[in-house]
1. Binning at 10 Å from 0, report for the stretch 442-508 what percent of all alpha-carbon pair distances ends up in each bin.
2. Per 0.36 nm of contour for each residue apart, how much would the distance between Arg407 and Glu428 grow if the chain were fully extended, relative to their Cα-Cα spacing?
3. Rolling a 1.4 angstrom probe over the protein heavy atoms, how many square angstrom per residue are accessible across the chain?
4. Along the stretch 207-217, what does the Karplus equation 6.51 cos²θ - 1.76 cosθ + 1.60 (θ = phi - 60°) give for ³J(HN,Hα), rounded to whole Hz, x for Gly and Pro?
5. Hey, if you drop one equal point scatterer on each alpha-carbon of the chain and run the Debye formula without solvent, what base-10 log of I(q)/I(0) do you get at q = 0.07, 0.09, 0.12, 0.13 Å⁻¹?
6. In whole Å, largest first, what are the principal axis extents of the Cα atoms in the stretch 126-196?
7. Could you size up the charge dipole of the stretch 395-529 around its Cα centre, putting +1 on the beta carbon of Lys and Arg and -1 on that of Asp and Glu, and report it in debye to the nearest 20?
8. Give the relative contact order (percent, whole number) for the stretch 395-529; include only Cα pairs under 8 Å separated by 6+ residues.
Amino acid sequence: MNDIRHEIERRRTFAIISHPDAGKTTLTEKFLLYGGAIAMAGAVKGKKNARHAMSDWMEIEKQRGISVTSSVMQFNYKDYCINILDTPGHQDFSEDTYRTLMAADSAVMVIDAAKGVENQTRKLFKVCTLRNIPIFTFINKMDREARNPFELLEEIENELGIKTYPVNWPIGSGKEFKGVYDREHRHIISFEANGGSKEVEKIEADLNDENLAELIGNTNYNTLREDVELLDGASEEFNAELVNTGKLSPVFFGSALTNFGVEPFLENFLKMTTPPLPRMTADGVVDPFDEDFSAFVFKIQANMNKAHRDRIAFMRIVSGKFDKDMEVLHVRNNRTMRLSQPQQLMANDREVISEAYAGDIIGVFDPGVFSIGDTLCMPKKKVMFEGIPTFAPEHFARVRPKDTLKRKQFIKGTTQIAQEGAIQIFSEPQTGFEEVIVGVVGVLQFEVLEYRLKNEYNVDIIREDLSYEYIRWITSEKHLAGGLDELQKLVLTSDTKLIQDVKDNYLLIFTSEWNIKWALDKNDGLELAEFNRN
Ligand code: G4P
């Protein structure tokens, strides 16, 4: 058991979130470089390819391949075993991206120092806060012209509603970037552009060094002294408890490309963040150090294969140790089974594994039995984890079969693909699912749907994009109790629509946030939820 304990204790499982282009890939690459998992930068993925618009299905397939191989990376750094969960950029942004965050114990938020908080960061951040996981901020690209650091922190605090604690502080930016001031040790690490190799030349100097002004220039020196005074006087105190509950974000400044500040960030982050966290079940929490294996499925990746059988279920191990030959209980089906072809991903390679521990992510062959949110555990100790929420789609389209004779296949196809979690489907009340409203988080999901319906179910579709962008589940008992009749009496703008999901929950879709506010204002006691756990 001691070995298992040690293995679990040294694990750190986190997601990296950012708006595209903030430097997530570059930072990840540098982490891998420090861990010795790759030999040189540029090896992580063909990111240029991954970024281009995906218009034909060949590209989608390639895209999916990329998102499989890059979705989880495991490597060792010193005595830590690190699992990085990738959250893909804009083109392949989908509901999977959100679900991935459900498997992480903390998040690293990369922010472009010239741009500050951007749209996608905002969205991903919101999902992280659902679970109150610790969030660490890396303000990147300090080697370029950047915004004022105080202004950046203020923006993070105001826009994201999290307090910040700068662990280090930048001295200048762009051509004038001289390095960072380490607040704990009260010294300066100076910046030397070095082309991004692993070893960074750093000169350390004390804040009180006589020749500091000479080293960083008089203006920078004066600004730094003022900044430090301000920070020490006014900034939030460091509080580990607040960090652990996601209320305070330690902030680091640096430059991933030139490899400045990356290793100090990694070191501090690993020390400050937690080993695998406990998870909630209906009957209480499961401790990661519990020796009985348990896990939950957070992502299912079906390949573009007509046979439809080539599916991998990704699961996060919550407790204990996994052995490849062990019999586990699939709780929803109440069946014991062996998990076949368990695999783990390391940078670009997949490898079949024989054991894994709490904190790890494994992919197993899915013979078509898994659904998102499923629990696996030891037969002698049945547990069931809380489900994974359904995330609010942001793009909607009305979809129907081109050939009305293909009705049956169409219903079967859309329903199965929705069950896999690749899309969400809705209907207008009392009309059934012969024509569906499809909701997705990322538009690529529409293309995947179209392609799969054609290839796996032999159905061509007509897709009409709708202008709705917001969805809310109706949760007020008062309104739900009266059923459809009552709901049809809601006072709504003419472009708000009432729909139902496959579980017959009622929802509203809106074209603007303003319309949501209108609905809430005009209907006394109306409660709307952005995420749904049912
Ligand atoms: P992403 O995964 O968040 O989308 O960002 P990625 O790392 O791909 O970085 C986006 C662009 O920003 C890349 O340039 C990358 O080289 C650059 N970049 C990342 N970190 C830094 C930094 O610290 N300083 C500077 N100056 N640039 C940085 P690109 O030209 O778009 O791509 P590439 O030609 O380098 O592949």
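1. P(r) over the stretch 442-508, rounded to whole percents: 16, 36, 28, 18, 2.
2. Working: separation 21, 0.36 × 21 = 7.56 nm, distance 1.70 nm.
Full extension of this stretch gives 5.9 nm more.
3. Here the per-residue accessible area is 44 Å².
4. Rounded to whole hertz, the list is 4, 9, 4, 5, 8, 4, 4, 5, 5, 10, x.
5. Each listed q maps to, in turn, -0.43, -0.71, -1.19, -1.34.
6. Between the extreme Cα coordinates on each principal axis of the stretch 126-196 lie 40, 26, 24 Å.
7. Approximately 360 debye in magnitude.
8. Averaging sequence separation for qualifying contacts and normalising by length gives 27 percent for the stretch 395-529.
The values are calculated or read from the model by the stated rules, or taken from the named source; none is laboratory data. Since the model is a prediction, treat every value here as computed from it, not as a measurement. Glycine gets a Cβ as well: all are built from the backbone with ideal geometry, and neighbour counts include every protein chain shown. Just so you know, the surface numbers come from the protein's heavy atoms only, side chains and all, with ligands and any DNA or RNA stripped out. Shrake-Rupley method; radii C 1.70, N 1.55, O 1.52, S 1.80 Å.
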